[in-house]
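The values are calculated or read from the model by the stated rules, or taken from the named source; none is laboratory data. Model, not experiment: these values are computed from the prediction. FYI the Cβ positions are ideal-geometry reconstructions off the backbone, even for glycines, and counts take in every protein chain you see. Side chains are part of the model used for accessible areas, which takes the heavy atoms of the whole protein and leaves out ligands, DNA and RNA. Shrake-Rupley method; radii C 1.70, N 1.55, O 1.52, S 1.80 Å.
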Amino acid sequence: MVPLVVAGCGGNQNVLHGESHQERSIDTLWWVMFGVSCVGFSFVAFLLLLGWWRRNRRELPGGADERVATWLVVLLGIATPIVLLSALFVWSDIFVMRSTAAPPPGSTAITIDVIGHDWWWEARYAGTPVVTANEIHIPTRTRVLVVGTTADVIHSFWVPELARKIDLIPGRQNRLLLEADEPGRYRGQCSEFCGVQHAHMAVVVVAQRPAAFRRWLASQKQPATSADAAFISESCGSCHMIRGTSARGTVGPDLTHFASRQTLAALTLPNTRAFVRAWIRDPGRFKPGTRMPKLPLSAKQVDELATYLERLK
């Protein structure tokens, strides 16, 4: 009972609720395989029950002789599994794997470079200055190419309701077709163990109507209007970038439009003033092992930083 309850934790990540063409083809294959497995299991269980029920009898059920029993074993135990498994293999190879394969060059409208870090996600929109962290926006009913790689160890990018998973391997690029039929927020997760905060390395794909996405992208292209003395003096800019200011760090997430995001620390915390202040004061309290250090800041300095970050919309 406990494993079933725990399996429901982790947010809205339904692997059997596809919201794209390629994910629905995976769902259909899974249900067919599950159904065939249930039929096979039920038949074997019936035979075991029948054998136990007739355990004290020497004759075969129905008066069948040994030759008939041999043919039943050959037909049901050998021929049928070969036919079923071959059919499932052909179906998965021709229809499912090809529909979920990396898109051919020139077949997508948008390219997003996704880089895995310990333990957060960076997304760069090709051809634009837009860089986001942990919240990836895409237009609905649009083919989007995701080019995945990693800045450190192996990660695995997986948004179950939209697409298959791809491994992010140092020095290599893997490609994925990402699309959503309807607007919504689709939660994803790193599915390759990558360290102590692997469980807190989540991502959300925000699917918007094309017009809404264009407005979002236009606003994200704008640089920050001003720098903050506290942000620069405390060397925050050595780790974080804020376009339009002297902050040019690349160790941590780009914070140019920090206030437009709904979460902190790869969906670990909501992006509210209280949690922003708590995160600045002691990041390791919420995410042990994070690279963001605990700085000796006064309450006034923490308030100044939180106020400045709230303006980065």
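The table for this structure:
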| item | result |
| --- | --- |
| Within the chain: Cβ-based charge dipole about Cα centre, in debye rounded to nearest 20 (Lys, Arg +1; Asp, Glu -1) | 380 |
| Between segment 72-98 and segment 112-129, the Cα center-to-center distance that results, in Å | 41 |
| Cα radius of gyration and Dmax for segment 192-260 (Å) | 15.3, 41 |
| Burial ranking of peptide ranges 198-207, 285-294 (average Cβ count within 10 Å, highest at the top) | 198-207, 285-294 |
| Distance histogram in 20 Å bins (all Cα pairs of the chain, percent per bin) | 27, 45, 19, 9, 1 |
| Share of carbon and sulfur in the accessible heavy-atom surface of the chain [1.4 Å probe, %] | 63 |
| Calculated Rg and Dmax of segment 181-313 using C-alpha coordinates, Å | 15.6, 48 |
| Acute angle (nearest 10 degrees) that the helix 80-91 long axis makes with the longest principal axis of the chain, alpha-carbon atoms | 30 |
| Accessible area expressed per residue, segment 44-183, with surrounding protein chains retained (probe 1.4 Å, Å²) | 57 |
| Tilt relative to the chain, helix 299-310 - C-alpha long axis, 0 to 90 degrees, to 10 | 70 |
| Value at 222 nm in deg cm²/dmol, rounded to 500, when DSSP H runs of n ≥ 4 in the chain each add -39,500 (n - 2.57) | -10000 deg cm²/dmol |
